Structure formats: C-alpha cells, structure tokens
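Taking it in order: structure first as structure tokens, then the write-up.
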Amino acid sequence: MAPSAWRRNRATGTVKEPVKIIRDTDEEARQLARRLIRGARFAAIGVLEPDTGFPFASRVLTGTDVDGTPLILVSGLSVHTTALLADPRASLLFGEPGKGDPLAHPRITVRTQAERVARDDPAHARLRARFIARHPKAALYADFGDFAFFRMVPHSASLNGGFGKAFVLEASDILITSPAIADVAEMEAGAIAHMNADHADAVDNFARVFGKSKKSGWKLCGLDCAGLDLANGDELLRIDYDAPLSKASDLRPYLVEMARRAKTA
C-alpha cells in the first residue's frame with residue numbers, strides 16, 4: 001500500500017480524507033522513467049565523499065548499456081570517481097527543468113551500485129562505442145589513462161512526474177528484459193550505419209511522428225531491444241517501441257513498419 005497523508009480543510013483546520021503520497025506504479029510511470037533516463041545527455045550524481053563522509057554532488061555525462069543500465073565516463077582525478085571507488089553506492093538524478101516552476105517538471109532519482117569497467121573487459125569496446133555515438137566529443141578523452149567507464153546498476157528509483165505524481169520503482173521497472181539483447185547488440189553498429197546512410201528521411205520521420213520534433217537532420221545514434229536513440233547536435237531523443245523485441249530477426253521488419261507508419265502519418 002502506498003503511503004498517504006491527511007488533507008486538511010484550510011478554512012476550518014479539520015482533517016478530511018487521506019491523500020495518497022506515493023502512487024501505485026503503472027506502465028505510464030515506467031515509460032516516463034525509462035524515457036527520462038535513456039533520453040538524457042547528463043545527470044547529477046550524488047556520492048559519499050571518502051574523507052569527510054559528507055554527500056557530494058556533481059554532474060556527469062550519461063549513456064546507457066544495451067540493457068538500459070546507465071553508463072558514465074569519468075576521470076580518476078574527480079572527487080566523485082574517488083568516492084565511487086571507495087563506496088560504489090551512488091544516486092543519479094535525471095530530468096531537465098523547463099519553463100516556469102522547476103519542481104513542476106518530471107525527474108527521477110536512481111539509486112545505483114557503480115561497477116567499474118576495465119579496459120580489457122569484453123564489454124568495454126561496446127560501451128565505448130555506444131557512449132561516443134551519443135557524445136562524439138568524448139572521443140577526445142575517452143582513452144586517456146585516468147578515464148574509466150562505470151555501469152551504474154540500478155537498485156531502485158524515485159520518480160516524480162510533477163506535483164502529486166510520485167512513484168517508487170524497482171530496477172526491473174527501468175531495465176530492458178529480452179532474450180535478444182546480445183544479438184541486437186551485435187547488429188547495432190551495422191543497423192545504425194545503414195539507417196543513417198540510406199534512410200535519413202525515415203530517421204527524420206521517426207523524430208517528427210514518434211518524437212514530436214519539428215527539427216530535421218536527426219541521426220540514429222543507438223538502438224536496442226526496446227527502442228531507438230536519435231541525436232541532432234546537442235539534442236537527444238528517445239523513441240521506444242510498442243514492446244521490446246523478443247528476437248533479433250524482428251528488428252528489420254519492425255523498423256520497416258515504423259518507417260511506413262511515420263511516412264503515412
């Protein structure tokens with residue numbers, strides 16, 4: 001049962017009906033949470049400073065692994081990297097405020113366990129490629145000796161979709177679940193190159209129809225079993241499929257059908 005508070009009548013001070021503080025997590029909340037994380041260029045990170053024990057906040061560039069796990073690239077010279085090596089517990093805050101009251105805009109805090117990815121780890125090349133596709137300028141320093149990738153494995157999350165829209169999420173609400181994750185990951189680079197070279201108009205249509213964008217010049221910078229990542233300069237756009245792919249052979253026909261729907265919309 002979600003926690004609740006009591007509503008008071010402002011005129012009389014009397015207690016009226018209970019008001020639920022935390023809503024029951026539904027699919028709409030899960031979709032918003034995944035979109036906030038996977039569509040983000042950066043996040044605020046909170047760690048525990050080893051020398052003082054105080055909470056320490058900073059900002060990091062973010063990407064995602066093929067299973068939706070948040071990914072960061074950080075320098076060993078930074079306070080937050082030193083903190084992660086001493087205590088891997090960390091929180092990431094996603095969600096950019098827009099016009100008006102910043103608290104009226106959705107955001108999500110993800111409690112994570114940081115896992116450093118060694119350069120000789122078989123996953124390193126994949127993570128590097130995915131991150132640089134999203135952040136091309138990171139190629140200038142990604143291979144510096146003091147930089148390292150961390151997979152920020154989700155533990156739980158607190159989602160605030162705006163006033164009166166609070167949810168508590170589990171890791172399973174955020175991550176991608178599919179038996180085709182590894183197979184689609186192997187196809188990713190080739191599929192992206194093909195779409196950008198031969199179907200640039202379709203990518204723009206994806207952004208226009210499914211992402212509600214009015215811009216043109218979008219490029220595909222990532223794909224996985226749950227959706228597409230599009231980039232246009234410094235802007236990112238996440239477009240989720242109607243349902244995760246269950247096998248890699250479904251990718252091409254699904255993209256063809258998306259292109260048809262977007263073209264005729």
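The values are calculated or read from the model by the stated rules, or taken from the named source; none is laboratory data. As the structure is a computational prediction, the values presented were derived from the model and not from experiment. Neighbour counts are summed over all protein chains in view; Cβ atoms, including those assigned to glycine, are modelled from backbone coordinates with ideal geometry. Ligands, DNA and RNA are excluded from the accessible area calculation, which covers all protein heavy atoms including side chains. Shrake-Rupley method; radii C 1.70, N 1.55, O 1.52, S 1.80 Å.
See the values below:
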quantity: Accessible solvent surface per residue of the chain, calculated while the other protein chains remain in place, 1.4 angstrom probe, Å²; calculated: 54
quantity: Unit charges at the beta carbon, dipole of the chain: most positive-side option, 142, 118, 44; calculated: 44
quantity: Computed [θ] at 222 nm, helices only, for the chain once each DSSP H run of length n ≥ 4 contributes -39500 (n - 2.57); calculated: -9000 deg cm²/dmol
quantity: By average C-beta atoms within 10 angstrom, highest first, the peptides 219-229, 199-209, 138-148, 34-44; calculated: 219-229, 34-44, 199-209, 138-148
quantity: Highest-first arrangement of 174-180, 102-108, where packing means the average Cβ count within 10 Å; calculated: 174-180, 102-108
quantity: Inter-site label distance for residue 125 and residue 215 at 7 Å from Cα along Cβ, in nm; calculated: 3.2
quantity: Percent accessible area from carbon and sulfur atoms, the range 68-223, protein chains only, probe 1.4 Å; calculated: 58
quantity: Cβ charges +1 (Lys, Arg) and -1 (Asp, Glu), total dipole of the range 17-78, debye; calculated: 280
quantity: Dipole magnitude of the chain about its Cα centre (Cβ charges: Lys, Arg +1; Asp, Glu -1), debye to nearest 20; calculated: 1100
quantity: Pairs from 165/215; 137/215; 99/219 whose Cα-Cα separation, in the structure shown, is over 24 Å; calculated: 165/215; 99/219
